[in-house]
Every structure is written in C-alpha cells, then in structure tokens.
1. Specify which of the listed residues (110, 118) is in contact with a strand residue (DSSP E or B) (Cβ under 8 Å, 6 or more places away or on another chain) and either within 26 Å of residue 164 (Cβ to Cβ) or not in a strand (DSSP E or B) (or both).
2. Let me spell it out: the conditions are (1) modelled with pLDDT of 90 or more; (2) more than 18 Å from the chain's Cα centre (by Cα); (3) within 24 Å of residue 307 (Cα to Cα), and residue 277 meets all of them except one. Which number is the exception?
3. Among the listed residues 159, 87, identify the single one that is in contact with a helix residue (DSSP H, G or I) (Cβ under 6 Å, 6 or more places away or on another chain), part of a helix (DSSP H, G or I) and touching a residue at least 40 places away in the same chain (Cβ under 8 Å).
4. Is it fair to say residue 38 is closer than 30 Å to residue 174 by Cβ, modelled with pLDDT under 90 and over 25 Å from the mean Cα position of the chain (by Cα)?
5. Is it the case that residue 129 is in a helix (DSSP H, G or I), in contact with a helix residue (DSSP H, G or I) (Cβ under 9 Å, 6 or more places away or on another chain) and surrounded by 18 or more Cβ atoms within 10 Å (Cβ to Cβ)?
6. Out of curiosity, is residue 61 at pLDDT below 95, surrounded by fewer than 18 Cβ atoms within 10 Å (Cβ to Cβ) and under 28 Å from residue 182 (Cβ atoms)?
7. Just give me the residues in region 225-247 being in contact with a helix residue (DSSP H, G or I) (Cβ under 6 Å, 6 or more places away or on another chain) and modelled with pLDDT under 90, in sequence order.
8. Exactly one of these conditions fails for residue 187: (1) surrounded by fewer than 21 Cβ atoms within 10 Å (Cβ to Cβ); (2) in contact with a helix residue (DSSP H, G or I) (Cβ under 9 Å, 6 or more places away or on another chain). Give me its number.
C-alpha cells in the first residue's frame with residue numbers, strides 16, 4: 001500500500017486509453033522510469049481495472065499503495081481496490097511480497113471472517129487487487145463506540161480471530177501481522193462479521209520450517225521474531241497481545257522507547273494487577289498467560305486456544321462491564337490526535353497577513369467549483385500546479401490531522417493548518433506560540449488543569465482518566481507536567497502505539513535485535529513470571 005509523490009507535470013503520463021488514474025506514481029524518483037517490462041502477478045484477471053470498475057474515494061493506505069472504494073460498472077456492487085504503484089516496488093523482495101500476498105489470498109478458502117479476493121489486474125504502472133468491501137470500521141473504534149464493554153464481548157472477538165489463525169495454519173499460511181487494524185467489520189450492523197483484511201506480510205510455511213526475517217508491528221511481535229528464529233506460533237502470540245488489549249485497553253509490553261519495547265517483549269512479564277484485571281475471570285487470565293508464553297514450544301497452538309474453556313464457553317463469559325477503564329484507555333489515542341489538531345489550529349491563527357493572503361489565493365485556486373472545501377484529489381492537483389513535491393503519505397497524514405470535522409475534505413480553516421506544514425512554517429517559533437496558548441499561567445509548563453481545559457471541547461465526556469492518560473504519554477520525564485520539549489516531541493512524532501508501521505518494524509527492530517543480541521538481552525530468562 002504505498003506512498004505516491006506529487007510533482008509538476010504528472011498529467012503527461014496519462015495515456016490515451018485511459019488507464020487507472022489512481023495507479024500513477026506522481027513523480028517518485030526510484031530507479032528506472034520504465035516499468036512496462038515488470039510483470040508481478042502470475043495470472044491476473046485482466047489489464048485495466050477501469051474496464052470493469054469505477055474507482056472512487058480513498059479508504060486507506062499502507063506501505064506500497066492506496067485502497068479505494070470500487071464499484072462494478074455492470075452490477076453497481078461495491079468493493080475495495082488496493083492499488084499498488086510499481087514505482088514503489090523497489091526491490092525483488094517488494095515484488096515477491098506483493099506476488100505472495102495475491103497468491104495467499106487466492107489460496108485461502110472462502111471463510112466468513114476472511115476478506116474475499118474478487119479480481120486482480122496489472123497494467124504498466126500498477127497492480128490492482130479488488131476485494132470484498134468492509135465498511136463497518138476498525139475493531140477498536142467499535143469498542144470505544146459501545147455503551148459498555150464486557151469480557152463476553154472480548155471472548156466473541158477472540159474466538160473469531162483465533163478461527164482465522166486456525167484457518168491460516170491449516171492451509172500452510174503464517175499471517176505474521178495480526179493486529180486490531182487488520183480486522184474490520186463488514187458493515188455497521190451490531191451482528192456484522194469481523195474480517196481479516198491484510199495478508200501483506202503473510203508467508204507459506206511447511207511443518208518445521210523456520211524463518212528469520214523481522215516483520216510485523218512492534219507491540220504485537222513475539223520474542224522469537226526478535227531472536228530471528230520462528231514459526232507459526234508467532235500468530236498465537238500476536239493474538240494473545242490483542243486479547244490482553246481487549247481486556248484492559250493497553251498492550252502488555254509497552255515502553256517509552258523502541259529498545260524498551262523490545263526488552264519488555266523478551267522479558268515477557270505480564271501485569272495482571274492493574275485495573276480492570278481484578279474483575280477479569282481466572283479463565284480469561286489463564287488463556288492470556290498461555291498465549292503469551294515466551295517459549296513457543298510451550299505456547300498453545302491455535303487449535304488449543306480455540307478449545308480453551310474460556311472460548312468454548314464464550315457465550316457464558318461474564319457479561320458484566322469491565323468498567324470505563326478499557327474504553328478510556330482506547331479513547332485516549334483519538335483524543336491525543338485531537339490535541340494535535342487543536343495545536344495546529346493555534347499555529348494557523350498566528351500566521352502573518354502575508355502568509356494568510358498567499359494561502360487564501362491557493363485555496364481559491366484549488367476550490368475550482370467554489371464549494372468552500374477541497375478534497376484530497378483537488379489538493380494533489382493544486383499542489384502539483386504550485387510545484388510542491390510532497391510525499392503522498394505525508395500529505396495524507398497532514399490532511400487527516402487537519403480535518404477537524406472528519407468529512408474527508410478541508411474547509412479554508414483546515415486548509416490553513418495544512419499549509420502551515422507545507423510551507424515549512426511549523427517551526428519552533430510557531431510551536432512556541434501553540435505551547436503558550438495551552439500554558440495559560442505562563443509557568444513554562446502545561447499543567448494538568450491546563451491540559452484538561454485544552455481537551456474540554458474534544459473530550460465530550462470530560463473523562464478525567466483520558467486526560468490523565470494523555471498527560472502520562474506526553475510527560476516523558478514524569479514530573480506531572482508537560483515541558484515545551486515534550487510538547488514539541490508530541491507534535492513532531494506519533495505516540496499512538498496502534499499505528500506502529502511495518503517499515504518501522506523492519507528497519508528499527510532489525511537493528512534492535514542485533515543490539516539486544518550483542519548486549520545479551522536476548523538471553524534473558526523469564527524469572528518473575
């Protein structure tokens with residue numbers, strides 16, 4: 001799923017036979033420009049995806065491409081189309097990853113909890129994978145939206161996830177990237193099935209075969225992955241991490257730094273003392289322990305997890321609310337993003353008259369239909385005309401951060417916030433102004449009362465626990481207040497563990513595993529478990 005770039009003159013690449021307009025790589029300077037000889041898929045359905053489907057709004061994106069809403073031109077049926085730019089496939093490994101993802105999706109039998117592959121297309125510039133559409137949103141988002149959350153609900157979710165793992169392992173597939181974001185609900189109904197949607201890091205395996213490539217997302221990574229010697233047992237570990245989060249709202253192995261996360265995973269010490277664990281049944285805790293056993297030979301298999309009494313009696317699991325703790329912890333991450341949005345707006349309000357005038361002119365130029373709003377496609381075209389070369393993933397992050405009302409478009413005020421970053425005006429001077437806005441008593445720190453005020457509009461329920469959790473995440477030196485440096489760090493880097501990227505895993509954790517092996521950390525025993 002990938003990152004396109006914007007450069008002037010991309011329209012010249014569009015051919016007369018109307019190829020997929022979303023598959024064009026807008027100016028990425030990666031190796032040869034000639035991708036016409038690169039064939040990735042073994043047996044695609046066809047050449048031009050637009051012969052059969054109309055591609056609409058963006059649904060999501062990843063390392064190599066973008067997923068769009070996709071409509072069958074004949075039947076009107078809705079699907080999702082993952083469009084992968086060939087310019088992003090820079091190595092033989094990248095090409096093999098995409099080829100293998102498609103082969104695995106073809107190989108997997110139809111299952112109510114696994115997204116179905118519909119068609120595949122390959123043209124000169126992109127691979128397009130048409131799949132079943134899941135419109136019900138992410139797993140965690142639905143949890144937060146519930147009026148209450150119970151152990152029985154967690155058991156129902158885990159039963160689905162482990163059935164997916166069982167199906168994968170039964171057919172010789174190791175998923176390697178199980179995490180909540182890779183499970184979507186098919187629709188918005190309460191009875192909607194939960195579906196696994198992403199096999200981008202999955203591999204075929206044979207009994208006894210071992211792997212050494214470090215892939216996945218850091219918080220869900222099994223200790224043997226860091227040790228570069230693993231098999232399908234890693235999927236049970238990742239599912240165990242998800243179960244722990246479902247029951248208490250935070251990951252079991254967490255730290256302020258990536259090295260700390262890796263060391264916590266290796267130690268594998270599980271905390272069952274924090275709230276709401278005293279309310280959780282012994283059966284549920286027993287399953288968590290056995291799924292998170294650091295010894296893959298002792299860890300339960302997917303089949304054994306499915307046969308565990310807690311899951312076998314999922315409908316009898318306690319239906320008493322685990323309290324607001326779980327929801328509050330999950331909610332804090334969306335509140336954190338809203339704090340950043342508020343800061344962006346403050347920065348935007350301190351622009352000079354000259355800066356504002358230039359931005360207004362650019363907005364009017366992009367808003368050609370005078371709707372008072374600019375969508376992502378208009379923004380891309382407008383930036384191309386202005387000569388900006390902004391990586392598409394960065395642009396998407398900025399738009400998402402500035403889109404306060406969440407409608408997928410930018411009104412003028414939101415557009416100003418994006419422009420702050422595009423013009424590289426989000427410098428220390430502007431960040432200081434935003435910090436000062438929150439530091440109402442001019443103490444040089446954002447204290448808990450000031451943070452509570454800053455979040456009051458965003459945190460509708462005025463949830464004190466969410467405010468405290470945000471303070472805990474941003475206040476890295478734990479002195480009970482947020483310094484300017486801590487504030488700037490929050491603005492410049494994400495603190496949301498839910499969005500840890502694959503690329504982060506491959507690069508950072510690769511070097512971390514080597515470091516941990518050198519200093520002996522990977523030889524830690526599990527005393528104290």
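The values are calculated or read from the model by the stated rules, or taken from the named source; none is laboratory data. Owing to the predicted nature of the structure, the values given are computational and were not obtained by experimental measurement. As a convention, Cβ positions derive from the backbone with ideal geometry for all residues, glycine included, and neighbour counts pool all protein chains shown.
1. 118
2. Here residue 277 meets the rest and fails (1).
3. It is 159.
4. Against the criterion (closer than 30 Å to residue 174 by Cβ, modelled with pLDDT under 90 and over 25 Å from the mean Cα position of the chain (by Cα)), residue 38 qualifies.
5. Considered against the rule, which asks whether it is in a helix (DSSP H, G or I), in contact with a helix residue (DSSP H, G or I) (Cβ under 9 Å, 6 or more places away or on another chain) and surrounded by 18 or more Cβ atoms within 10 Å (Cβ to Cβ), residue 129 comes out as no.
6. Considered against the rule, which asks whether it is at pLDDT below 95, surrounded by fewer than 18 Cβ atoms within 10 Å (Cβ to Cβ) and under 28 Å from residue 182 (Cβ atoms), residue 61 comes out as no.
7. Once the filter is applied, which keeps residues that are in contact with a helix residue (DSSP H, G or I) (Cβ under 6 Å, 6 or more places away or on another chain) and modelled with pLDDT under 90, region 225-247 yields 226, 227, 246, 247.
8. Result: residue 187 fails condition (2) only.
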